[in-house]
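Colleague: Please find one structure pasted underneath; my questions will follow.
Just so it is clear, none of the values below were taken in a lab; they were calculated from the coordinates. Values in this document were obtained by computation on a predicted structure and should not be read as measured data. For neighbour counting, all protein chains shown are included, and Cβ atoms are generated from backbone atoms with ideal geometry for every residue, glycine included.
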Amino acid sequence: MSNGSYDLRSEWAELAPYWIAESRAGGDVSRKGMLDAYVLAACGNVEGLSILDCGCGEGRFGRMLAGRGAHRVLGVDTCEPMIQAARELQSDNEEYVVGDVQDLHFLADESFDLAVSYLNHCDLPDFAANVREVFRVLKAGGRFVIANLHPMRSATGAWYRGPGGEKLHVHLDRYFDEGPRQFVMKACRITNFHRTLSTYIRGFLNAGFIVADIIEPTVEPKALEMYPELDDELRVPNFIIYVLKK
Ligand SMILES: C[S@@+](CC[C@H](N)C(=O)[O-])C[C@H]1O[C@@H](n2cnc3c(N)ncnc32)[C@H](O)[C@@H]1O
């Protein structure tokens, strides 16, 4: 198994065309049926703010922030095809650059009001480096909103199914065994990194952040009517959102 940065970039470059096509068709169900509303609520009023989007992908969430009145959105992503796609749709208030969010040396200290990481920490070999860098580039009082896979679900596990294929319960194993986990998304192999809840929280505190809130999203009844496949979200915590304050 390889977890070098070159291989991680190749994985995302291979997945990018499928990812971009899905996003242009409206985005994945977990985001549009549940997570978007929670992450936007955690960001609060973004009018006039200067915002950093870490691991911005093809710019879907950056466009949402710009559409809600952000003064400036800078999206950073290692994957060139994602950044090219983001630039195709960018408004005057958005900018997208190729870069590694674990090393933001090209950004000035205390230059952003808000930073966002929308399902990117699970992709990073060194999430703590990103947290330290975001702490540096945020202004005093600035916030960092992080949506991530829930540690209960990034550990080894899957649905245990009954004879008819019905979901009975989820296995949870190797929770304390941190490190890379590989899975297949749209026929592409992708490497994610599992860490325990306490490792994440310690990384936030060690960087100097205050943990202002922790949110475990679940699906609202109206969204469930539109997207019945989100019924999992009523049963297990697939995602978690941290709101940090400098
Ligand atoms: C799960 S996608 C999320 C994209 C976007 N935030 C969204 O929600 O649509 C993860 C993104 O992180 C990017 N990524 C992975 N490692 C990175 C790194 N070290 N620095 C910056 N971006 C990275 C990938 O290229 C990919 O676009």
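Colleague: To test your reading of the geometry: what angle, between 0 and 90 degrees and rounded to tens, separates the Cα axis of helix 127-137 from the longest principal axis of the chain?
Modeller: Approximately 30 degrees, to the nearest 10.
Colleague: Using Cα centres only, tell me the gap between the range 138-189 and the range 36-114 in whole Å.
Modeller: 24
Colleague: Oh, and also: Any chance you could give the angle, 0 to 90 degrees and rounded to 10, that helix 5-24 forms with the longest Cα principal axis of the chain?
Modeller: The two axes meet at around 80 degrees.
Colleague: By the gyration tensor of its Cα atoms, with a ≥ b ≥ c the square roots of the eigenvalues, what is the shape of the chain: rounded for a/c under 1.5, prolate for a/b over b/c, or oblate?
Modeller: Numbers: a/c = 1.40, a/b = 1.34, b/c = 1.05.
Judged from the Cα gyration tensor, the chain comes out rounded (a/c under 1.5).
Colleague: Also, quick follow-up: So what is the relative contact order for the range 152-240, in percent, with contacts set as C-alpha pairs under 8 Å and at least six apart?
Modeller: Numbers: 99 pairs, mean separation 19.8, N = 89.
Once divided by the residue count of the range 152-240, the mean separation gives 22 percent.
Colleague: Take every DSSP beta bridge with both residues inside the chain and express the antiparallel ones as a percent of the total, to the nearest 5.
Modeller: On the way: 23 of 43 bridges.
So the antiparallel bridges in the chain amount to around 55 percent.
Colleague: Using only Cα atoms, find the angle between the long axis of helix 197-207 and the longest principal axis of the chain, and express it within 0 to 90 degrees, rounded to the nearest 10.
Modeller: 10
Colleague: In addition: If I model a spin label as a point 7 Å beyond the Cα along the Cα-Cβ vector, how far apart are those points for Glu95 and Phe183 in nm?
Modeller: 3.5
Colleague: I need the shape label for the range 161-228. Rule: rounded when a/c is under 1.5, else prolate if a/b > b/c, else oblate, with a, b, c from the alpha carbon gyration tensor.
Modeller: On the way: a/c = 2.06, a/b = 1.36, b/c = 1.51.
Note, shape of the range 161-228 comes out oblate.
Colleague: In deg cm²/dmol and to the nearest 500, what is the mean residue ellipticity at 222 nm of the chain if only DSSP H runs of at least 4 residues count, each as -39500 (n - 2.57), divided by the residue total?
Modeller: Values: 8 runs with 77 residues, N = 246.
Helix contribution divided over all residues of the chain: -9000 deg cm²/dmol.
Colleague: Pick from Glu229, Glu80, Glu58: which is most flexible by mean-square fluctuation in a GNM of the chain where alpha carbon atoms under 10 Å apart are linked?
Modeller: With Cα springs under 10 Å in the chain, the top fluctuation among Glu229, Glu80, Glu58 is at Glu229.
Colleague: Still on this structure, please answer the following. What distance in nm lies between label points placed 7 Å from Cα along the C-beta direction at His105 and Ala212?
Modeller: 3.1
Colleague: Moving on. If you plug each phi of the range 80-87 into the Karplus form 6.51 cos²θ - 1.76 cosθ + 1.60 with θ = phi - 60°, what whole-Hz ³J(HN,Hα) values come out, in order, with x for Gly and Pro?
Modeller: Running phi through 6.51 cos²θ - 1.76 cosθ + 1.60 with θ = phi - 60° gives 4, x, 5, 5, 4, 5, 5, 5 Hz.
Colleague: What is the set of long-range amide H partners of Ala70 at a cut-off below 5 Å, with H atoms built 1.01 Å from backbone N?
Modeller: Gly48
Colleague: Which of the three applies to the range 38-147, rounded, prolate or oblate, going by the alpha-carbon gyration tensor with a ≥ b ≥ c and a/c under 1.5 meaning rounded?
Modeller: Judged from the Cα gyration tensor, the range 38-147 comes out rounded (a/c under 1.5).
Colleague: Quick one: which residues, 5 or more positions from Ala115 or on another chain, have an amide H under 5 Å from its amide H? H modelled 1.01 Å from N in the peptide plane, none for Pro or chain starts.
Modeller: Excluding prolines and chain starts, which carry no amide H, the hits are Leu52, Arg143, Phe144, Val145.
Colleague: How high is the FRET efficiency from Glu22 to Thr199, r the C-beta distance, R0 30 Å, rounded to 0.05? Could the numbers behind the result be given before it?
Modeller: On the way: r = 30 Å, r/R0 = 1.01.
With a Förster radius of 30 Å, E is 0.50.
Colleague: Per-residue counts of other Cβ atoms within 10 Å, averaged by peptide: what ranking do you get for 70-76, 124-130, 155-161, highest first?
Modeller: Working: 70-76: 22.4, 124-130: 19.4, 155-161: 13.6.
Highest to lowest by the protection proxy: 70-76, 124-130, 155-161.
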